[in-house]
Structure formats: structure tokens, C-alpha cells
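Visitor: Once you've had a glance at the structure underneath, I'll fire off some questions.
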Amino acid sequence: MNLTEYQNYHESKSHTSLEFPYNTYLCCIPMDFTHVPIHWHNEMELIVIQKGSGIISVDFITHEVKAGDIVFVLPGQLHSIRQKKEARMEYENILFHPSMLLCGEPDLCGTNFILPLMENPATIQTFLTPDAPAYESLSGCIRKIDNLCDSRPKGYQLAVKGWLFQLMFFLVSNQQTLKQPSQSHQKHMDKLKTILKYVEEHYNEPLSIEDMANLIHYSKSHFMKFFKTHMNMGFTQYLNHYRMSMAAKLLVSTDDSVLTIAVSSGFDNLSYFNRLFKRDFHMTPREYRSCNSNKVSVLS
């Protein structure tokens, strides 16, 4: 299974083809990876829990999910997936680009329903359980699409589009009056995206707390409090965790030396790198490479 889509917190690579922007991935936590770090992208996403349980966060609203649950993520929403203690979770990850549902101008469906939905995600229920309104109809659409993508009869793309429109109808027709996010909440989301994107692009360079505070025009103390409040960890811990994830990817996907990987991941001290790696992965970099040489890394 190709998991490159989880490589960056802000995913600039397209998950889908230009000709037919729809993809499905079958994933298992922790067999494939222990977590999917916080990220966002331009596709709509459906996370369908098949077996077990886990933890999913969307725009920092966190829920424990279990078999049967469906999570609907709109473009631009920050979201993450992680293991719940020792539990295993199998899920289907569906990604499709909104362009599949937009027919150009003038387009009543796009103008009146699809675009307003993407601009105001608070009007739909993100976490859907089997007792949610229209759940059976929504899960039925997903089953129909899955069957079509498995068998791929001639013209199946037409039917997939049709069922996606049907799915959106059930979502829109069951919209709720939910609490709207405040302007300050949206401002915080935008600042976090700025931080995460900057780390994605510069993680292998020296990055200080002062640099990041200046990036979003905060004082150093305000930035540290802001980051820890929203990310539940300090910036240095987050940065080291991100760098370790990148190093783990390189250990599995390249033959580069441990020293080369440490430097390219942002560490200029090999002893420090080895110590952090063993703390996070409970083994040395060489042991990790040996154990995972025939597996797909979380970020590969």
C-alpha cells in the first residue's frame, strides 16, 4: 500500500489522478503505522472504521471511534488518526477531489450546496455513528461505490460519480444547526497551518522557538503557550517527533548511512539523534531498518 499521502502535515501532493480524482486506501493501525500525524489537504475524505477502535481528531475535536463509525473530513480541515492504547483499528480511507462534484459555472448544485458546505463545515456532523440520521443511506452509498471500484465494469466512473452525488444529498439534507466556530478559532487554525507548513518545508534546517514566534507575529512566551495549548506538546518536542518520522522513512526507503539520515533530518549530533530515536522507537536506527526493511513505513 502506498502511503505517501501521509508524508507531509500539509499534503501538497495529489492523492488522486487528474482524470478521475477518487482513491481508496485500506489501512490498519498499528500494523501499517501507529498514527497519522496532523495534516490537511484539498480533497474530501471519508474514514470508514471497519474493525476495532482508535482516536481521530478533526480541527482539534477528538473522538474515540469504533467499527461502524464514519468520519467526514472537508478540504482544509486539520485531522489526525492514532492508536487507542493497545487497540487495533482497520479502516477504509476514501479521498476524492471536490472537482468531481462541480460542473463549472453556472452550476446550481455547486453554488447552492457543495461550495457552501466546504466553506462552512460546522453545518454537518463530522463524526457519524450508526444511530446518526441517514447513516444507513450514507453507508449504503459507500458500499455501492466500493463494489463498483472492486469490479470496475465499463463506465463504472459514471456510477461512482452518481453515488457521490447521492452521498452529498444525504449529508446536505441532514445538515444541522451546529455551533459555529468563532473568528478567533479560525484565526488559530490558520496560524497552526502556517506553523505546520513551515516545519514541513524547513524541518531539516535549524528552527528555533523564536523563529516560529516571529513567523506568526507572537512573542516567544505567547507562542509557546499557544502551541502547547493546541498541540498538547511543546514545539521542540513536536519538531523532534516530526524529524524522527522523516528519519524513520529514510531508514526504510534508502540505503543512506545513519549519519547522512540524521543530518538530512535536521540533527547535527549523531549521539543525540541515536538517543532520541531509541527513546521514540525503542530500538536503534539500524535495528529499525532491519526490522522494517520489508514493510511500508508510516511515511513511505
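The values are calculated or read from the model by the stated rules, or taken from the named source; none is laboratory data. Fair warning: this is a prediction, and the values are worked out from it, not measured in the lab. As a convention, Cβ positions derive from the backbone with ideal geometry for all residues, glycine included, and neighbour counts pool all protein chains shown. Please note that ligands, DNA and RNA were not included when accessible areas were found on the heavy atoms of the full protein model with its side chains. Shrake-Rupley method; radii C 1.70, N 1.55, O 1.52, S 1.80 Å.
Visitor: In debye, nearest 20: dipole of the chain around its Cα centre with unit charges on the Cβ of K, R (+) and D, E (-)?
Guide: Details: 28 positive and 30 negative charges, 153 e Å.
It comes to approximately 740 debye.
Visitor: If you build the convex hull over the alpha carbons only and average its shadow over all orientations, what do you get for region 188-249? Give it in nm² to one decimal.
Guide: On the way: hull surface 15.7 nm².
Projected over every direction and averaged, the Cα hull of region 188-249 covers 3.9 nm².
Visitor: Now for a separate question. Just the number please: accessible area per residue for the chain, 1.4 Å probe, all protein chains included, in Å².
Guide: Details: 15440 Å² over 300 residues.
In whole numbers, the chain has 51 Å² accessible per residue.
Visitor: Hey, another quick one. Multiply the residue separation of A159 and I61 by 0.36 nm, subtract the distance between their alpha-carbon atoms, and state the gained length in nm to one decimal.
Guide: Details: separation 98, 0.36 × 98 = 35.28 nm, distance 3.36 nm.
Result for the pair: 31.9 nm of gain on full extension.
Visitor: Using only Cα atoms, find the angle between the long axis of helix 183-202 and the longest principal axis of the chain, and express it within 0 to 90 degrees, rounded to the nearest 10.
Guide: 50 degrees
Visitor: Can I ask one more? Going through the cross-link list K66/K278; K197/K249; K193/K225; K197/K220, which pairs have a Cα-Cα distance over 22 Å in this structure? The partial results should precede the final answer.
Guide: Values: K66/K278 31 Å; K197/K249 19 Å; K193/K225 17 Å; K197/K220 19 Å.
With Cα atoms farther than 22 Å apart: K66/K278.
Visitor: Hey, another quick one. Over region 146-269, consider all pairs of different Cα atoms and compute the Kirkwood hydrodynamic radius from their mean reciprocal separation; express it in Å, one decimal. Show your work: numbers first, answer last.
Guide: On the way: mean 1/r = 0.0539 Å⁻¹.
Result for region 146-269, one decimal place: 18.5 Å.
Visitor: Taking all protein chains together and a probe of 1.4 Å, list E205, E19 from the most accessible to the least accessible. Don't jump to the answer; show the numbers that get you there.
Guide: Numbers: E205 75, E19 155 Å².
Ranking E205, E19 by accessible area, largest first, yields E19, E205.
Visitor: Please compute the Kirkwood hydrodynamic radius over region 65-210, one decimal place, Å, based on all pairs of different Cα atoms.
Guide: Working: mean 1/r = 0.0553 Å⁻¹.
Evaluated on region 65-210, it is 18.1 Å.
Visitor: Would you rank H79, H282 by solvent-accessible area, highest first, keeping every protein chain in place and using a 1.4 Å probe?
Guide: Values: H79 0, H282 150 Å².
The ranking, largest first, comes out as H282, H79.
Visitor: Given a 1.4 Å probe and the protein chains all in place, what does the accessible area of S264 round to, in Å² to the nearest 10?
Guide: 40 Å²
Visitor: Now for a different question. Along the charge dipole of region 51-94, pointing to its positive end and built from +1/-1 on Cβ of Lys, Arg, Asp and Glu, which listed residue (S57, A87, G76) has its Cα farthest out?
Guide: Highest projection toward the positive end goes to A87.
Visitor: Can you give the accessible area of C27, probe radius 1.4 Å, in Å² rounded to 10?
Guide: Rounded to the nearest 10, that gives 10 Å².
Visitor: Another one. Work out Dmax and Rg for region 94-149 from the C-alpha atoms and quote the Rg first, both in angstrom.
Guide: Calculated on Cα positions, Rg and Dmax stand at 13.4, 37 Å.
Visitor: Here's something else I'd like to know. If only Cα atoms are counted, what is the Rg of the chain, and what is its Dmax, in Å?
Guide: Cα only, the chain: 20.5, 61 Å (Rg, Dmax).
Visitor: If you don't mind, another one. On a straight-distance basis, which aspartates and glutamates could pair with K154 in a cross-link, Cα separation under 17 angstrom, same-chain partners fewer than 8 positions away excluded?
Guide: Partners within reach: E19, D146.
Visitor: While we're on this one: For the Cα atoms of the chain, what angle does the longest principal axis make with the long axis of helix 156-173, in degrees from 0 to 90, nearest 10?
Guide: Once rounded, the angle reads 90 degrees.
Visitor: Pull out the extension gain between T260 and E119, defined as 0.36 nm times the separation in residues minus the alpha carbon to alpha carbon distance; nm, one decimal. Show your work: numbers first, answer last.
Guide: On the way: separation 141, 0.36 × 141 = 50.76 nm, distance 4.36 nm.
Fully extending the segment from T260 to E119 adds 46.4 nm.
Visitor: So who's got an amide H within less than 5 Å of the one on Q77, skipping anything under 5 residues away but keeping other chains? H placed 1.01 Å off N, in plane.
Guide: Those lying under 5 Å, H to H, from Q77 are H41.
Visitor: Pulled fully out, how much extra length does the chain show between Q237 and L26, if you take 0.36 nm times their separation in residues and subtract their Cα-Cα distance? All intermediate terms of the calculation are to be shown ahead of the outcome.
Guide: Numbers: separation 211, 0.36 × 211 = 75.96 nm, distance 3.00 nm.
Difference between extended and current length: 73.0 nm.
Visitor: Still on this structure, please answer the following. So, in nm, how far is label K197 from label D268 when the simple model puts each one 7 Å beyond its Cα toward the Cβ?
Guide: 2.8 nm
Visitor: Could you please state, rounded to a whole Å, how far the C-alpha centre of region 108-135 is from the C-alpha centre of region 226-295?
Guide: Going from one Cα centre to the other spans 38 Å.
Visitor: Here's a follow-up. Given N residues in region 132-179, what is Rg(Cα) / (2.2 N^0.38 Å)?
Guide: On the way: Rg = 12.5 Å, N = 48, 2.2 N^0.38 = 9.6 Å.
Relative to the 2.2 N^0.38 Å estimate, region 132-179 comes out at 1.31.
Visitor: Given the options L128, L18, L74, state which has the largest fluctuation in a GNM of the chain using a 10 Å cut-off (strictly under) for Cα springs.
Guide: Of the options given, L18 has the highest mean-square fluctuation.
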